[in-house]
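Here is the structure we will look at.
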Amino acid sequence: MAVHLTHWGTFEAASDGERLTEVRPWRHDPEPMPLIGNVASAQHHPARIDRPHVRKGWLEHGPGAPGRGDEPFVPVSWDTALDLLSGELRRVYRDHGAEAVYGGSYGWASAGRFHHAQSQVHRFLNCLGGYVRHVNSYSLGVSDMFLSYVIDHLWRLLTYATSKSVIAEHSDLVVAFGGLSPKNAAVSVGGVSKHHVRGWIADARERGCRFVSVTPLRDDTPAEAEAEWIAPRPGTDAALMLALAQVLDADGLADTAFLDRYTVGYERFARYLRGQAADQTVKDPAWAEAISGIPAKRIRDLAREMAGARTMVTVSWSLQRARHGEQPLWLGVVLAAMLGQIGLPGGGFGHGYGSTAAVGEPALRAGLPRLAQGRNGVSAFIPVARIADMLLNPGAEFDYDGQRLTYPRIRLVYWCGGNPFHHHQDLARLREAFTRPETVVVHDPFWTATARHADIVLPATMTIERDDFGSGQNDRMFFPMPALTRPHGEARDDYAIFSALAERLGVGKDFTEGRTAMEWLRHLYGEWQDTIAALGREPVPDFGDFWSGDGIELPLASGDPQVAFADFRRDPDKHPLVTPTGKIEIFSGTIDGYGYADVPGHPVWLEPEEWLGSPAADRFPLQLVANQPRTRLHSQLDIGDHSQSAKVAGREPARMHPGDAAARGLRDGDLVRIFNGRGSCLAGLSVDDAVRPGVVQLSTGAWYDPDPADPGFCRHGNPNVLTADRPSSSLSQGCTGQLALVEIEPYRGTPPELSVSRPPETA
């Protein structure tokens, strides 16, 4: 049995060389994930791409030919595909420059570090002169650029978060805005060796720690937490948090000594709480009850409980993935500062416990081997969630992070790894945007919607079909990942594809440096081995011993318990934060100076366009929560057995409260149509009292399967035909795909046939 790594866990497998014959969880994983069952069942699925394909219209009429997303594909040889693509790259770079190419990879494609698709495509395009890049992520678009204004860089908050073991030992109360989702806490960029989310929560609970889960979904926190469930109207967390802050302020429970020494701007924020600002409204629990639906007494009591205990305030990534997502994120920091416990074991602020396995794991002593991407000769960029805006509006201006920028004109999109038709919102609009470039190139193992909206489609290998090594963020284990099987069909590694293209374009030596993939693995491991030795740490095995073994344990940065901001608390002058003042900024003069109406200088309640208290709710009275799925990572391997086992009538399941279902004459297992003014989709109904009344939960990741006559209608259940393609704010331009208003009705008639589980038409 060989060990192999995925983003959701490590597994052991046996193979006959063609396919996996046995797959089981890694024997050292205490809480293995059933998502492992998707791997073997997906490898030779009919939706695998078996050879290169070119869209018929592009092949016959050249770049810019209409019909993308609607036409059949023509299978071609590798030489034909590579000749066509190298010729097109040469034309675009010669005639329009590197600013006309968008390098659209979006991580997550592989747990392996060398065959990481994003590194490969960016290195290749940099050899040609560069590309228009994206910044930030769909998951953390707000946090990535916003938190450094308020407290610290996002990467430090994630890497050096207070350890879960410290919380289990010291916290008396954990208030989790957005919950502590066990499904999200089981995945991590690069992989996970040992899952223990239920374990540390059970340890904390046994010691007497209380958990409060603030979320519209009761099961957003593991059962081991025995959590109190507080379910505000989705999108109103900021109002609830303001009321908690108001009680702390009004009752004299705020730690004024901490606020005076470690923060700036509290008094200006407090005037807003007290009703002394322009709106003349006290942000007390009665005010918040009218907005959030949470009783004023419970808000008041919770504030006092937080002040009377060692309290960890944690905010999930989901809350910032919405309109005005800066506000609950900022208020989580403010509440923790008002309690005065930042820098203490078990107290303070956390961002992402329950959002990824990496948060709360002790930091490593040194980084891991990685392939250098080279220098990008293009300065132009976009926030990642603005791709449709860029393609639809070349030359238009937009705000971002205090700057006024311009969308470039993109002639060629090169996508390698990731699936924008999963991550992006308003998919009918994205589909229209994808008709605008002259050429779209996609590497993918499967016929995803992104591949179906390309001109040149090149079949890529899965991780089990290639040699690599990998380790997750803050994960203690570093694994060899030798290929377990031969590639499916004619699939090739991204590295092999780019090496062949680079040779045709005269930059072969720049891209490969004369190394094969295995030689790169040896070279990168050797560089890393030297780094470990220079740090004076215990030596790691030579590559040969590592490659033939089952993984090695990595050294930690410190043997001491990891407590976020402990150094800052001990000496804020010697260890200042990265903020403009070096302190926690409850009021940000920098942000205030930008003059953005949708992000003022301190946290406030800003009413979103779509929530259960808005006029739009008269027509669409249910709040859609489009969260991450339980049965796959994002949209990966949706055709796998485990993912398919949760489908209802072949569609993605949608959960709603029994009262809401009864009011619409719906029953468990019904096929339903979910709709709003942007689009509609089919789903299989699951009636569940773990969902707040007025809410419908439909996970992301069902492969987009549009009706040929209506791209806004997904026959499979992708909620992003319903979500709005609007930014969180002018400051961050972050994704807002978490929430939307919808209505549900029974679907009458014969269900339409699905097409995502088979290849597209070929000519």
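The values are calculated or read from the model by the stated rules, or taken from the named source; none is laboratory data. This structure is a prediction, so every number in the text was calculated from the model and none was measured. Every residue, glycine among them, receives a Cβ derived from its backbone with ideal geometry; neighbour counts consider all protein chains shown. For accessibility, only protein heavy atoms count, side chains too; no ligands or nucleic acids. Shrake-Rupley method; radii C 1.70, N 1.55, O 1.52, S 1.80 Å.
Points to keep in mind about this one:
- Figure legend. Inter-residue proximity from segment 38-55: first residues free of Cβ contacts under 8 Å to residues at least 12 places away in the same chain, second residues outside any loop (DSSP other than H, G, I, E, B) and open to solvent by 10 Å² or more (accessible area, probe 1.4 Å), beta-carbon distance below 7 Å, spacing 6+ or different chains. No pairs are indicated.
- Scanning segment 649-665 for residues that are at pLDDT 95 or above and either of a type in the set (S, T, N, Q) or surrounded by fewer than 19 Cβ atoms within 10 Å (Cβ to Cβ) (or both) turns up Pro658, Gly659, Ala662, Ala663, Arg664, Gly665.
- Residue within segment 495-513 that is of a type in the set (A, V, I, L, M, F, W, C), closer than 30 Å to Val76 by Cα, open to solvent by 50 Å² or more (accessible area, probe 1.4 Å) and modelled with pLDDT of 95 or more present: no
- When the helices (runs of 4 or more DSSP H) confined to segment 1-114 are screened for residues that are modelled with pLDDT under 95, those reaching at least 1 such residues are found at 37-43.
- Taken as a whole, the condition of being aliphatic (A, V, I, L, M), over 29 Å from the mean Cα position of the chain (by Cα) and closer than 30 Å to Lys164 by Cβ does not apply to Leu273.
- Residues in segment 414-447 that are in contact with a Pro (Cβ under 7 Å, 6 or more places away or on another chain), outside any helix (DSSP H, G or I) and surrounded by fewer than 23 Cβ atoms within 10 Å (Cβ to Cβ): Glu438 alone.
- Residue match in segment 32-47 (condition: open to solvent by 30 Å² or more (accessible area, probe 1.4 Å) and either of a type in the set (Lys, Arg) or within 29 Å of Gly130 (Cα to Cα) (or both)): no
- The helices (runs of 4 or more DSSP H) located wholly in segment 253-332 that include 1 or more residues which are open to solvent by 10 Å² or more (accessible area, probe 1.4 Å), in contact with a helix residue (DSSP H, G or I) (Cβ under 9 Å, 6 or more places away or on another chain) and basic (Lys, Arg) occupy 296-307.
- Of residues in segment 141-168 being open to solvent by 10 Å² or more (accessible area, probe 1.4 Å), in a helix (DSSP H, G or I) and among the hydroxyl-bearing types (Ser, Thr, Tyr), the one farthest from Tyr266 (Cα to Cα): Ser165
Yes/no matrix, rows are residues, columns are (1) over 20 Å from Ala239 (Cα atoms); (2) in a helix (DSSP H, G or I); (3) modelled with pLDDT under 95; (4) open to solvent by 30 Å² or more (accessible area, probe 1.4 Å):
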{"residue": "Arg537", "(1), (2), (3), (4)": "yes, no, yes, yes"}
{"residue": "Val540", "(1), (2), (3), (4)": "yes, no, yes, no"}
{"residue": "Gly544", "(1), (2), (3), (4)": "yes, yes, no, yes"}
{"residue": "Ser558", "(1), (2), (3), (4)": "yes, no, yes, yes"}
{"residue": "Glu609", "(1), (2), (3), (4)": "no, no, no, yes"}
{"residue": "Gly613", "(1), (2), (3), (4)": "no, no, no, yes"}
{"residue": "Ala617", "(1), (2), (3), (4)": "no, yes, no, no"}
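- Gly669, sole failed condition from (1) open to solvent by 30 Å² or more (accessible area, probe 1.4 Å); (2) assigned to a loop (DSSP other than H, G, I, E, B); (3) closer than 30 Å to Glu267 by Cα: (3)
- Boolean, Thr450 is in a loop (DSSP other than H, G, I, E, B) and at pLDDT 95 or above: no
- The number of residues in segment 392-413 that are closer than 23 Å to Gln120 by Cβ and surrounded by fewer than 23 Cβ atoms within 10 Å (Cβ to Cβ) comes to 1.
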